[in-house]
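What follows is a short report on a single structure.
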Amino acid sequence: MFQNVVDRKQKTNALQVKPERLWDSLMEMAKIGATPKGGCNRQALTKLDKQGRDLFVNHCKALGCEILIDEIGNIFARRAGIDNSLPAVITGSHLDTQPTGGKFDGVYGVLAGLEVLRVLAENQIETEHPIEVVVWTNEEGARFSPACMGSGIWSGNLSLTEVYNTTDKEGLTVGEELDKIGYKGKLICKPRPIKAAFEAHIEQGPILEKQQKQIGIVTGIQGLRWYELTLHGKPCHAGPTPMEDRVDPIQAMLPILQTCYDLAAENGPWGRATIGDIQALPGSPNTVPETLKISIDLRHPKTEIIEIMADEFSQKVEKLCLQFGVDYQLKETWRMEVTEFAPSCIDAVFSSVEQFGYSSMAMVSGAGHDSLYVSEKVPTSMIFVPCENGLSHNEAENALSEDLTAGANVLLHAMLKLAKK
Ligand SMILES: [Zn+2]
């Protein structure tokens, strides 16, 4: 799709972010909720979340930004443009972490945005369109479910009232906790005019590192289908019952599972198949199972292909169950449609990468992000940078300063391009 730019050396004297300042701001944020193993535990709407938010807000205020907080606590730090009637160009991510999370997931996207604001301020650059850096509330979904709460309400996918009443394990509600930390804002939680949205993020997978690329130009987010497959057998004794007299659901299951892996391989390299759970009932070593429950997760970034995978899978299930005389139910339990990011944003990222001569590749995101919801409402794309060993949602999560810097430079220039009239 895109040519890879192999030269890692920058070939530009363009405006750039300050690597040490970006790194220091990441390490400063990482102190809030730091864990002994070097990670972070800064879950949504806790005292620590408040401290992280306050730190970000204070930095933005020092740069002269206006701070807007909406009903679910999403924070928008707004830097005025030359013409403030124009729609804003925004960037951002989340500051909350998993209980054993790292220093970069989400935080990088917010602080890369802060770094953009700092570069613009110190160089006294005026943009035609206003620029905003956003902190979305509770992306992780670790303390309060579901994930991507802030962007979910903002985009109209979740109801504010229901979310306010959502409780954590202690029975505390989102509404009360938001009040307690002082981030239940007055701004209505819905999109204002926005020209473009970007999110910089660590990849959370191993592909960039393996391919030795510094920037992932993210073109979309995988679509997925979840299934619960139930196969019914006839329980019988493992010893006396001849093999040909059995209705054994395991026999049907084996080629069905192989079909899933084949579908992923045939539709590589982006096809995915995961069998995450298998339960046999009654679950006795010397009885043919009466019931098998199997969970299947199929993914692909192209709508046509995920549909082909889904069709072939259900046809194969029917054929194989008939062949082995096994009754079955196949239930689709969840589906997420493929997200394709906006060409205008992808192009802005691509030309910024070229400008610096960073090595890059086009890729899709395997994980969900706030950008998934944001992209339903405004033109959006993402910028990925490598993380060590592809590790994320882990205290050992790590990234190189030079890669984080490259991602922030790309973000800066992608935003500048779209902040022009
Ligand atoms: Zn994240």
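Observations
- Separation of region 308-323 and region 173-236, taken as the distance between their Cα centroids, equals 30 angstrom.
- Largest accessible area first, the listed residues S359, S392 line up as S392, S359 when surface is computed with a 1.4 Å probe on the assembled protein chains.
- Calculated FRET efficiency, Q212 to E304, Cβ-Cβ distance, R0 = 35 Å: about 0.70 to the nearest 0.05.
- 11 Å beta-carbon shell around F341, net charge (K/R +1, D/E -1): -3
- Carbon plus sulfur fraction of accessible area for region 293-421, probe 1.4 Å, in percent: 51
- Extension gain, Q329 to E266: 0.36 nm times the residue separation minus the Cα-Cα distance gives 20.1 nm.
- Inter-part distance where region 341-386 and region 61-129 are each reduced to a Cα centre, Å: 17
- Largest-first principal axis extents of the Cα set of the chain (Å): 84, 51, 42
- Free-standing Cys residues across the chain, given no other cysteine C-beta under 4.7 angstrom: C40, C148, C189, C236, C260, C321, C345, C387
- The packing ranking of peptides 280-293, 144-157, highest mean first, is 144-157, 280-293, where packing means the average number of other beta carbon atoms within 10 angstrom of each residue.
- Whole-angstrom Cα spans of region 139-258 along principal axes, big to small: 72, 46, 25
- Relative intensity, log₁₀ I(q)/I(0), of region 264-392 from a Debye sum that treats every alpha carbon as a point, q = 0.09, 0.15 Å⁻¹: -0.43, -0.91
- Loop sites in region 167-217: trypsin sites (Lys or Arg not before Pro), DSSP, at most 16 other Cβ within 10 Å: K169, K186
- Here the gap between N58 and T274, fully extended at 0.36 nm per residue and compared with their Cα-Cα distance, gives a gain of 73.4 nm.
- Near N394: Cβ cut-off under 11 Å, other residues only, Lys/Arg at +1 and Asp/Glu at -1. The net charge is -2.
- Packing here is the average count of other Cβ atoms within 10 Å per residue, and on that basis the peptides 87-98, 126-137, highest first, run 87-98, 126-137.
- Per-pair calculated FRET efficiency, R0 = 41 Å: N165 and Q124 via Cβ, rounded to 0.05: 0.30
- Here the sum of -39500 (n - 2.57) over DSSP H runs of 4 or more residues, divided by the residues of the chain, equals -11000 deg cm²/dmol at 222 nm, to the nearest 500.
- Rounded to 5, the percent of DSSP beta bridges in the chain classed as antiparallel: 70
- Label positions at N84 and E402, each projected 7 Å from the Cα along the C-beta direction, are separated by 4.2 nm.
- Positive end of the dipole of the chain (Cβ unit charges, origin at the Cα centre): among Q258, A310, P289, the Cα lying farthest that way belongs to A310.
- Ranked by the mean number of other Cβ atoms within 10 Å of their residues, highest first, the peptides 379-385, 50-56 come out as 379-385, 50-56.
- Summed over the residues of the chain and divided among them, the accessible surface reaches 43 Å² per residue at a probe radius of 1.4 Å.
The values are calculated or read from the model by the stated rules, or taken from the named source; none is laboratory data. Model, not experiment: these values are computed from the prediction. Note that we place each Cβ from the backbone using ideal geometry, even for glycine, and neighbour counts take in every protein chain shown. All accessible areas refer to the heavy atoms of the entire protein, side chains included, with ligands and DNA or RNA removed. Shrake-Rupley method; radii C 1.70, N 1.55, O 1.52, S 1.80 Å.
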